[in-house]
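Written below as structure tokens is the structure these notes are about.
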Amino acid sequence: MSSATTAPKALAKPIVFVVDDDVSVRESLELLISFAGWQPQTFTSAEEFLAHPKALTPSCLVLDVSLPELNGLELQKLIASDRVDMPIIFISGHGDVPMTVQAMKAGAVEFLTKPFDDEVLLTAIRQAITRSAATLDDQAQLKTLRECYASLTPREQDVMRLVVSGMLNKQIGLKLGISEITVKAHRGKMMAKMRVDSVADLVKVAMRLGLTPAKNPWHVTRESD
């Protein structure tokens, strides 16, 4: 498939956010994260973290469960839909099974009980950042595909929908009330704009975009070009 469905991985240094009200924990994690080659950003509360701009680079959040005011599990709920590209690693001084289950069901990638081994945390962070980078790449790819689709004319969108439904150029022409030659012209421009080389790739793109193939192509408005 063409470049429309690929995006370069972010080259910026990954960020590891740490939210913990214990200054000694923040300082030790900041040193550990820096030494591992990532960029640490620490916060004393959930509210302070929420006030920080969203990262556009691979990142993860090392989050203490027990925080003043807004606790870690509550923060997780608040950012669940908005920061899907930022995996959460919970840390707790008194984690219990129900709390762990709740956090993991809500999407956390790890739940560590203090004191934990540095290498265990580093491994969790490494895996979380890999996951974050993959999610960001996927979002970038989808954004590019949406931009390509938005560049199509209404008629080219009609042709795309009919092509992915399995119709041939002659059939598309009959349904749209245009000549087969005109269909070929629209189809060529559409394929170029979508940056695909085959119908198979076009179908994959349509699925990524959530487009439903025209089940009853007669519903497409007939008009002459």
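Read the figures in this text as sums done on the coordinates, not as results from a lab. Because the structure is predicted, anything quoted here is derived from the model rather than measured. We place every Cβ from the backbone using ideal geometry, glycine too, and count neighbours over all the protein chains shown.
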For a quick check: sort MET207, MET160, MET190 by the number of other beta carbons within 10 angstrom, fewest at the front. MET207, MET190, MET160
For the charge dipole of the chain, defined by +1 on Lys and Arg C-beta atoms and -1 on Asp and Glu C-beta atoms about the Cα centroid, which residue among GLN171, GLN157, VAL109 has the Cα displaced farthest towards the positive pole? GLN171
Would you kindly state how much longer the chain becomes between LEU168 and PHE116 on full extension, computed as 0.36 nm times their sequence separation minus their alpha carbon distance, in nm to one decimal? 12.6 nm
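Given a cut-off of under 8 Å on Cα pairs at least six residues apart, what relative contact order in percent is computed for the chain?
Averaging sequence separation for qualifying contacts and normalising by length gives 20 percent for the chain.
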For n ≥ 4 DSSP H runs only, could you compute -39500 (n - 2.57) per run for the chain, divide by its residues and tell me the 222 nm figure to the nearest 500? -16000 deg cm²/dmol
Nearest-20 debye value, the chain charge dipole, Cβ charges on Lys, Arg, Asp, Glu: 1900 debye
Rounded to the nearest 0.05, what FRET efficiency do VAL199 and VAL84 have when you use their Cβ-Cβ distance and R0 = 41 Å? 0.85
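Give me CYS148, CYS60 ranked fewest to most by other Cβ atoms within 10 Å of their Cβ, as a rough exposure proxy.
CYS148, CYS60
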List the lysines whose Cα sits under 28 Å from the Cα of LYS114, skipping any in the same chain fewer than 8 residues away. LYS13, LYS54, LYS77, LYS105
Taking placed amide H atoms and a strict 5 Å upper bound, the residues 5 or more places from SER66 or on another chain that come that close are GLY72, GLY93
Given the options ALA46, LEU29, PRO58, identify the residue whose Cα lies farthest towards the positive end of the charge dipole of the stretch 19-67 (+1 on Cβ of Lys, Arg; -1 on Cβ of Asp, Glu). PRO58
Below 22 Å, Cα to Cα, which lysines can LYS189 reach? Residues fewer than 8 away in the same chain don't count. LYS143, LYS170, LYS175, LYS204
Non-local residues with an amide H under 5 Å from the amide H of VAL18, with H modelled 1.01 Å from N and Pro and chain starts lacking one, are GLN41, THR42, PHE43, VAL62
Cα-based shape type of the stretch 151-219, given that a ≥ b ≥ c are square roots of the gyration tensor eigenvalues and the cut on a/c is 1.5: oblate
More than 26 Å apart: what percent of Cα pairs in the chain qualify? 51 percent
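When a/c is below 1.5 the answer is rounded, else prolate if a/b is larger than b/c, else oblate, so apply that to the stretch 27-131 with a ≥ b ≥ c taken from the square roots of the Cα gyration tensor eigenvalues. Show your work: numbers first, answer last.
Working: a/c = 1.31, a/b = 1.08, b/c = 1.21.
Rounded, because the longest to shortest axis ratio a/c is under 1.5.
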